[in-house]
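Notes follow once the structure below has been shown.
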Amino acid sequence: MREQDFIPKQFLNKVEKGEVTWKSPSNIALVKYWGKKENQIPANPSVSFTLKNCKTTTKMEFQKKPEPSATFDFELYFEGKKKEDFKPKIQQFFERIEQYAPFLKDYKLTIDTENSFPHSSGIASSASGMSALALCVMSLEKELNPELSTLAEITNEAFFYRKASFLARLGSGSACRSLEGELIEWGEHKNIPGSSDLFGIKYPFEIDEVFKSFQDTILLVDKGQKQVSSSVGHKLMHGHPFAEERFAQAHSNLDKLKQVFASGNLEEFIAIVESEALTLHAMMMSSNPYFILMKPNTLEIINKIWEFRESTKTPICFTLDAGANVHLLYPEKHKEKVLEFIKNELVAYCEKGQYICDQVGKGAEKLN
Ligand code: PMV
């Protein structure tokens, strides 16, 4: 599908007012997206587990304006309070999706949003937040035009999610992987049919049961604001001395994961996932200017994880986002033992002893 396919052609219904609520999860990448081209096109393909508990709930109320106008009119509430400092990000999102959702300017919008995870936990809420908002926009489009697409190759329901993913990507790249479960791939890859730089797709190959209930315990090492934002980090991949090698490695890791996902080979899984996490941070440390987002406790935790894995032969591993927090990944059947290990050995390295228990989930839900 091409970008033009997402430009709506007609609106059959008149809609005066209404509201819609979506709850959408965060995701954790196994093969990382780091580096982008114009219009939020990824420099390399990525794949992620959709999470279950770390979610954003967004309600969007819409009321038709008495006169059409050339501006986006919206109010933004975060956890019930007006939040002016989030507005520029939403304004930018609306501007980026304008040609794909021109009807937004016809309405006065009230957007009310809240996260299931603690505010300023260092967990990025852009993936869950942007995907929830993109779904709200799609629900309004569907009211205006229940027959969303005239393309023969795709059902109405599939088009709804595909376009929501397409819109979410324009808000925050990795948000396009948050709408459905359990494994989502984003970015063109020659051996993955249907893969696209424009939206995420459900991973199209066999997935062993072990991955469908995989656990992700997020160890909150540093809850503060990151020193370098993801958007700056992505930009630093332009002219990065190792960029081309890194992008090629992501393609090759996706190839290797096909066998791993199908067979449930955890040893191989661990080797790829940990290498991806450390490569992401190695890219940060070798860009110009260079920067480090890991903290001493990030490394303490990684070493503890390696020791525990070695001594108990439990297949646990870590991955990292663009931050200091550690995502501890493991099969559900080892949950009890791993939680015990976390309490005994890892909590000491977490800020205020905090961690969040999450697991692989099935994607976003509509609430009303
Ligand atoms: O979606 P962004 O622009 O916040 O970038 C996210 C990048 C990583 O979280 C580091 C990797 C990924 O693929 O999610």
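The values are calculated or read from the model by the stated rules, or taken from the named source; none is laboratory data. Note that the structure is a prediction, hence the values are computed from the model and not measured. Cβ: placed from backbone, ideal geometry, glycine included. Neighbour counts: every protein chain shown. Quick note on the areas: whole protein, heavy atoms, side chains included, nothing else; ligands and nucleic acids left out. Shrake-Rupley method; radii C 1.70, N 1.55, O 1.52, S 1.80 Å.
Taken over the range 11-51, the criterion of being among the aliphatic types (A, V, I, L, M), within 13 Å of the ligand (Cβ to nearest atom) and not in a loop (DSSP other than H, G, I, E, B) is satisfied by Ile28, Ala29, Leu30, Val31, Ile41, Val47, Leu51. Here Glu332 meets the list (1) touching a Ser or Thr at 6+ places or on another chain (Cβ under 8 Å); (2) within 16 Å of Phe214 (Cβ to Cβ); (3) open to solvent by less than 20 Å² (accessible area, probe 1.4 Å) almost entirely, failing just condition (3).
Go through the residues of the range 221-233 one by one and say whether even a single one is over 21 Å from Asn53 (Cα atoms), within 16 Å of the ligand (Cβ to nearest atom), modelled with pLDDT of 95 or more and not assigned by TED's automatic domain parsing to the domain that holds His281. The answer is no, given that none of the residues of the range 221-233 is over 21 Å from Asn53 (Cα atoms), within 16 Å of the ligand (Cβ to nearest atom), modelled with pLDDT of 95 or more and not assigned by TED's automatic domain parsing to the domain that holds His281. Apart from one condition, Glu307 fits all of (1) farther than 18 Å from Ser230 by Cβ; (2) within 26 Å of the chain's Cα centre (by Cα); the exception is (2). Criterion first (closer than 29 Å to Gly361 by Cα and among the hydroxyl-bearing types (Ser, Thr, Tyr)) does Thr50 satisfy it? Judged against the criteria, Thr50 is a match. Would you confirm whether or not the range 127-137 contains a residue that is under 18 Å from the mean Cα position of the chain (by Cα) and open to solvent by 30 Å² or more (accessible area, probe 1.4 Å)? No, the range 127-137 contains no residue that is under 18 Å from the mean Cα position of the chain (by Cα) and open to solvent by 30 Å² or more (accessible area, probe 1.4 Å). Within the range 138-177, restricting attention to residues that are in contact with a helix residue (DSSP H, G or I) (Cβ under 6 Å, 6 or more places away or on another chain) and polar (S, T, N, Q), the residue that is surrounded by the most Cβ atoms within 10 Å (Cβ to Cβ) is Ser174.
Going residue by residue through the range 206-219, is there one that turns out to be open to solvent by 60 Å² or more (accessible area, probe 1.4 Å) and of a type in the set (Val, Ile, Thr)? No, that holds for no residue.
Scoring Phe74 on the criteria (1) closer than 21 Å to Phe11 by Cβ; (2) under 20 Å from the mean Cα position of the chain (by Cα) leaves a single failure, condition (2). Do we have any residue at all in the range 253-260 that's among the β-branched types (Val, Ile, Thr), in contact with a helix residue (DSSP H, G or I) (Cβ under 9 Å, 6 or more places away or on another chain) and touching a residue at least 60 places away in the same chain (Cβ under 8 Å)? So far as the range 253-260 goes, no, none of its residues is among the β-branched types (Val, Ile, Thr), in contact with a helix residue (DSSP H, G or I) (Cβ under 9 Å, 6 or more places away or on another chain) and touching a residue at least 60 places away in the same chain (Cβ under 8 Å).
Would you pick out the residues in the range 280-318 that are farther than 15 Å from Ala348 by Cα, open to solvent by 70 Å² or more (accessible area, probe 1.4 Å) and among the polar types (S, T, N, Q)?
Asn288, Ser311
Please tell me if Ala348 is touching a residue at least 12 places away in the same chain (Cβ under 8 Å), small (Gly, Ala, Ser) and either in the same structural domain as Leu236 (by TED's automatic domain parsing) or in contact with a Leu (Cβ under 7 Å, 6 or more places away or on another chain) (or both).
When the stated conditions are applied, Ala348 does not pass them.
The single condition from (1) open to solvent by less than 60 Å² (accessible area, probe 1.4 Å); (2) more than 16 Å from the ligand (Cβ to nearest atom) that Ala324 fails is (2). Being at pLDDT 95 or above and within 20 Å of His281 (Cβ to Cβ) is a description that does not apply to Pro331. For Val273, the conditions (1) away from the ligand (no atom under 16 Å from the Cβ); (2) under 25 Å from the mean Cα position of the chain (by Cα) all hold with the exception of (1).
So Ser165 passes all but one of these: (1) of a type in the set (Gly, Ala, Ser); (2) assigned to a loop (DSSP other than H, G, I, E, B); (3) under 30 Å from Lys14 (Cα atoms). Which condition number does it fail? Only one criterion in (1) of a type in the set (Gly, Ala, Ser); (2) assigned to a loop (DSSP other than H, G, I, E, B); (3) under 30 Å from Lys14 (Cα atoms) is unmet by Ser165, namely (2). Among the numbered conditions (1) in a strand (DSSP E or B); (2) without any contact (Cβ under 8 Å) to a residue 12 or more places away in the chain, the only one that Phe74 does not meet is (2). Entry remark, the range 174-195: residues being more than 9 Å from the ligand (Cβ to nearest atom), touching a strand residue (DSSP E or B) at 6+ places or on another chain (Cβ under 8 Å) and of a type in the set (S, T, N, Q) number 2 in total. Number of residues in the range 154-173 that are away from the ligand (no atom under 16 Å from the Cβ), of a type in the set (D, E, K, R) and touching a residue at least 60 places away in the same chain (Cβ under 8 Å) equals 2.
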